[in-house]
Amino acid sequence: MHIPPYQEDDRGIVSELHARFGADAFTEQPTLTGMPVLWVARERLIEILRFLRQLPRPYSMLYDLHGMDERLRTRRQGLPPADFSVFYQLISLERNSDLMLKVALLEGDPELPSATGVWPNANWYEREIWDMFGIRFSGHPLQTRILMPPTWEGHPLRKDYPARATEFDPYSLTAAKQDLEQEALRFRPEDWGMQRRGAHEDFMFLNLGPNHPSAHGAFRIILQLDGEEIVDCVPEIGYHHRGAEKMAERQSWHSYIPYTDRIDYLGGVMNNLPYVLAVEKLAGIRVPDRVDFIRVMLAEFFRILNHLLFLGTYIQDIGAMTPVFFTFTDRQRAYRVVEAITGFRMHPAWFRIGGVAHDLPRGWDTLVREFLAWMPRRLDEYEKAALKNSILIGRTRGVASYTTRDALDWGVTGAGLRATGCDFDLRKARPYSGYQHFEFEVPLAVNGDAYDRCLVKLGEMRESLKIIEQCLRNMPEGPHKADHPLTTPPPKERTLQHIETLITHFLQVSWGPVMPANESLQMIEATKGINSYYLTSDGSTMSYRTRIRTPSFPHLQQIPSVINGSMISDLIAYLGSIDFVMADVDR
């Protein structure tokens, strides 16, 4: 599939929608999201979604779907009356453009028709919206909680729901309540439409989890088995939920940066990047070229760190023990560079609104050069010892394969999409943070199986090394942060000379910057797929709503459609090939 140049705020689709449904069917909202944002009536929603999915150049991916409590929002001029709203963000690869549809809902009637008949991956998103906001979806196959326990009371992302434990009554766990919680964890096949027995056999139900022997995190998957064959399965998430989106409503724009590190906890500053870029859109900040290059270099270091961990633990999942020790040794070499530059290792929280925490230290180039001299030979060894290993090939070739169409249906991005042959990498298709200045290839495969996903990851590490080498060779001179009043904090030398700058510094540190009322969104090609932050400012020192779309959430939802009919051993190989961590799923 050929990806055309990026169409920001594509007006063509707006004209097509007006021609088909009439201009009065839509209310357009000006935003900084980079796409048309159209409010539509609930009654016409599914008709419009089907139209967009069936166009000659269709919006083939439901990229994100979530909601907002609008009741306390004050800057809503020109928008339809709403107590709650639900948004649908759609991606068209054929157009290389996005579209967002919004629906207004009133508190007395918070219900929408389900979009699961248009996009299968709407299932989990609609369950999460019910869980967080109490908005119902008529026609949904199973409207149950997904992140919170089934016994939970209330909907946490509503504005009237407490944000801190100190705002609740003291917690107590009686024996009766403990029994109730334990019983709620019991899996009942009938609840999921499963039969306990077939015509000639009884099925066995097996709990895998809620843990995993690798580095993924607390995850449970219940298997319906006929012997060793998986008849059906139910992935269960939520054990790692920490309320990251709720926390954003109680933190300043600046103080929320460390929370982003803990989303994909293997991604480091890669998590900071979409957040600070989205805030910079709200603030109207353009960073110096040096900042772009520093950010790209550190982000690619964390791509390599993530992929080395993936490679070692993936091969460990298959049954080989030795490679994980080598990949962890190489990760220490990369962390040595990251620590020298940022002062931290796994969670530097080092990117800032308008720049980075401080400039590159003396000697950074020597450390980077040493790493670049070491790593390519190691990747050659991994390819020889692992990817050409007959056991790994036998366990993964042709296992858990899916097509590009399947990937788009389920919202799969990153290596999982490119392993099917789809050449869609945001760094190339929609360059951000200066990626347009770098020469690199997008590794692709064709079979979309567990082996090809690993093959693509190894190729991505080689390309990351090329990008880092170009950063080393072409690092621009200049400041490490923008000269803008909303950067945090202003340059120290200025605060000692100008009273206005000193006042700004005081307000930024004590209150945090005040962002203009608007909405912005930034997508990036993160370590595990496309990650994005969708920010809503109501003209305050804190976000009114922070939506974190992570790649691992849809990747786990896809599991049953891929693995049903396979063996248990194939599931283990498939789980390893997805490259997920539960913090990236549950938030």
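The values are calculated or read from the model by the stated rules, or taken from the named source; none is laboratory data. Nothing here was measured: the structure is a model prediction, and the numbers come from that model. For neighbour counting, all protein chains shown are included, and Cβ atoms are generated from backbone atoms with ideal geometry for every residue, glycine included.
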Looking across the stretch 472-493 at residues that are of a type in the set (Lys, Arg) and surrounded by fewer than 18 Cβ atoms within 10 Å (Cβ to Cβ), the single one that is farthest from LEU372 (Cα to Cα) is LYS492
| Do we find a residue being out of contact with any Phe, Trp or Tyr (no Cβ under 8 Å at 6 or more places or on another chain), among the acidic types (Asp, Glu) and under 30 Å from ASN564 (Cα atoms) anywhere in the stretch 407-417? | no
Those residues of the stretch 470-488 which are hydrophobic (A, V, I, L, M, F, W, C) and not in a loop (DSSP other than H, G, I, E, B) amount to CYS471, LEU472
When restricted to THR413, THR396, the only residue polar (S, T, N, Q) and either at pLDDT 90 or above or touching a Ser or Thr at 6+ places or on another chain (Cβ under 6 Å) (or both) is THR413
The condition of being touching a His at 6+ places or on another chain (Cβ under 9 Å) and aliphatic (A, V, I, L, M) holds, among VAL40, VAL86, only for VAL86
Of the residues in the stretch 308-342 that are free of Cβ contacts under 8 Å to residues at least 12 places away in the same chain and under 23 Å from ALA357 (Cα atoms), the one that is surrounded by the fewest Cβ atoms within 10 Å (Cβ to Cβ) is GLN332
If you go through GLY363, GLY354, the only one that is exposed (fewer than 13 other Cβ atoms within 10 Å of the Cβ), at positive phi and not hydroxyl-bearing (Ser, Thr, Tyr) is GLY363
Those strands (runs of 3 or more DSSP E) completely within the stretch 489-587 that have 3 or more residues that are among the hydroxyl-bearing types (Ser, Thr, Tyr) are 530-537
Screening LEU79, LEU72, LEU112 for residues that are surrounded by 19 or more Cβ atoms within 10 Å (Cβ to Cβ) and either out of contact with any Phe, Trp or Tyr (no Cβ under 9 Å at 6 or more places or on another chain) or at negative phi (or both) leaves only LEU112
PRO348 vs (1) modelled with pLDDT under 90; (2) within 20 Å of LYS457 (Cα to Cα): all pass except (2)
message: Take ARG50 and tell me if it is within 29 Å of PRO5 (Cα to Cα) and surrounded by fewer than 14 Cβ atoms within 10 Å (Cβ to Cβ).
response: yes
